[in-house]
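Working notes for the structure below.
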Amino acid sequence: FNGEEIRTLIGHFGRVNCCTVFCDGTRAISVSDDWSQKVWDLFTGNEVYSLGGHCVPVLCCAVYANGTRAISGSDDNTLRVWNLFNGEEIRTLIGHFGRVNCCTVFCDGTRAISVSDDWSQKVWDLFTGNEVYSLGGHCVPVLCCAVYANGTRAISGSDDNTLRVWNLFNGEEIR
């Protein structure tokens, strides 16, 4: 490994806000201020297809571990769940009152977490599209999140210069 660039993927017309690689390493998704979400073939560098849906900048994305679906979050305060076999939107997750800054999918593909400028962190049931619960704690925009591989805890970071760790069984902050 020498850190040498392999290729440049060209296709967005606005700032690229987030990208993620599929677990098998064959494809990636990128999201942009140009409202688009693009799926890329990492071996050829070609765009496989573009996902529609959001009509404002798209800020974050995450791929299910099995590579069949993805979620994206945007300036329209929503998350969208995508079928990656046909590129169709499965559902829209509505509940935030500010832009969605980051999202992540649990390893088992059953739930996701999203964080927002509205100070909230929401846990979603990906089968129903319903909010399971909201995590409190931050008093400023929440910017990033991650879930432990075993799905028992999450971590979030915000404009208050802190990271907070959460128990996902009861939704309480671990101190």
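What ranking, highest mean first, results for peptides 2-8, 105-111, 120-126 when packing means the other Cβ atoms within 10 Å averaged over each residue? Kindly include the intermediate steps, with their values, before the conclusion.
Numbers: 2-8: 5.7, 105-111: 17.1, 120-126: 21.3.
Packing proxy ranking, top to bottom: 120-126, 105-111, 2-8.
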**Prompt:** Considering only protein heavy atoms and a 1.4 Å probe, what is the carbon-and-sulfur percentage of the accessible area of the chain?
**Reply:** 54 percent
**Fill in**
Kirkwood Rh over alpha-carbon pairs of region 136-175 plugged into Stokes-Einstein at 10 °C, 1.306 mPa s gives a D in µm²/s of 155 µm²/s
**Request:** Mind listing the long-range amide H neighbours of residue 74? Cut-off is under 5 Å, sequence gap 5 or more, other chains count too, H placed in the peptide plane at 1.01 Å from N.
**Result:** 59, 100
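Does region 89-175 come out rounded, prolate or oblate by the C-alpha gyration tensor, with a ≥ b ≥ c the root eigenvalues, rounded set by a/c under 1.5 and, if not, prolate when a/b is larger than b/c and oblate if not? Before the final figure, lay out the partial values.
Numbers: a/c = 1.84, a/b = 1.20, b/c = 1.54.
It comes out oblate by the Cα gyration axes.
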**Prompt:** Considering only 129, 61, 115, whose Cα is most displaced toward the positive end of the charge dipole of the chain, charges sitting on Cβ of Lys, Arg (+1) and Asp, Glu (-1)?
**Reply:** 129
**Cα coordinate range in region 1-76, projected on the principal axes (Å, largest first)** = 39, 28, 20
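How much accessible area per residue does region 36-139 have, counting only protein heavy atoms and a probe of 1.4 Å, in square angstrom?
Values: 4120 Å² over 104 residues.
With the other protein chains kept in place, region 36-139 gives 40 Å² per residue.
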**Message:** Taking the square root of 5 times each eigenvalue of the Cα gyration tensor, what semi-axes in Å does the equivalent ellipsoid of region 113-156 have, largest first?
**Reply:** 17, 14, 8
**Request:** Enumerate the whole-percent occupancy of each 5 Å bin, from 0 to the last occupied one, for all C-alpha pair distances of the chain.
**Result:** 1, 9, 18, 21, 20, 14, 10, 5, 2, 0
**Request:** Please work out the C-alpha center-to-center distance from region 1-80 to region 93-115 and express it in whole Å.
**Result:** 16 Å
**Prompt:** In region 132-170, which chymotrypsin sites (Phe, Trp or Tyr not before Pro) fall in coil by DSSP and have 12 or fewer other Cβ atoms within 10 Å?
**Reply:** 169
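What is the dipole size for the chain, taken about its Cα centre, with +1 at each Lys and Arg Cβ and -1 at each Asp and Glu Cβ, in debye to the nearest 20? Spell out each step's value before the answer.
Details: 13 positive and 20 negative charges, 55 e Å.
Charge dipole of the chain: 260 debye, to the nearest 20.
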**Request:** Return the Cα extents of region 86-130 along principal axes one, two and three, sorted largest first, each rounded to a whole Å.
**Result:** 31, 21, 16
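The values are calculated or read from the model by the stated rules, or taken from the named source; none is laboratory data. Please read these numbers as outputs of a predicted model, since none were measured by experiment. Virtual Cβ from ideal backbone geometry, glycine too; neighbours counted across all protein chains shown. The accessibility values were calculated without ligands, DNA or RNA, using every heavy atom of the protein model including side chains. Shrake-Rupley method; radii C 1.70, N 1.55, O 1.52, S 1.80 Å.
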